[in-house]
Amino acid sequence: MNFKEREVEPVNSMVTSFEDMEILGRQMERQRTNEELMKHERQPDPVQYDEAIDGKE
């Protein structure tokens, strides 16, 4: 039996095909960083940005 003919369970649930992976990659490339959001007076996601930790150098 050829590998392509077998039904394969997805390993994870993020993407189910190469096409979906390409789309997700393009979306991620366009996402703004916290610094870019703050320059445009936008609030970054508080779950992903902790000023006490990430705001200091």
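The values are calculated or read from the model by the stated rules, or taken from the named source; none is laboratory data. Not measured: the values here are computed from a predicted model. Here the Cβ is made from the backbone with ideal geometry for all residues, glycine too, and neighbour counts use every protein chain on show.
Annotations for the structure displayed:
- Where helices (runs of 4 or more DSSP H) sit wholly within the chain, those with at least 3 residues that are at pLDDT below 75 and out of contact with any helix residue (DSSP H, G or I) (no Cβ under 8 Å at 6 or more places or on another chain) occupy 51-54.
- Cβ pairs under 8 Å, 6+ apart, first in segment 17-29 and surrounded by 11 or more Cβ atoms within 10 Å (Cβ to Cβ), second of a type outside the set (Asp, Glu): MET21/VAL15; LEU24/MET14; LEU24/VAL15
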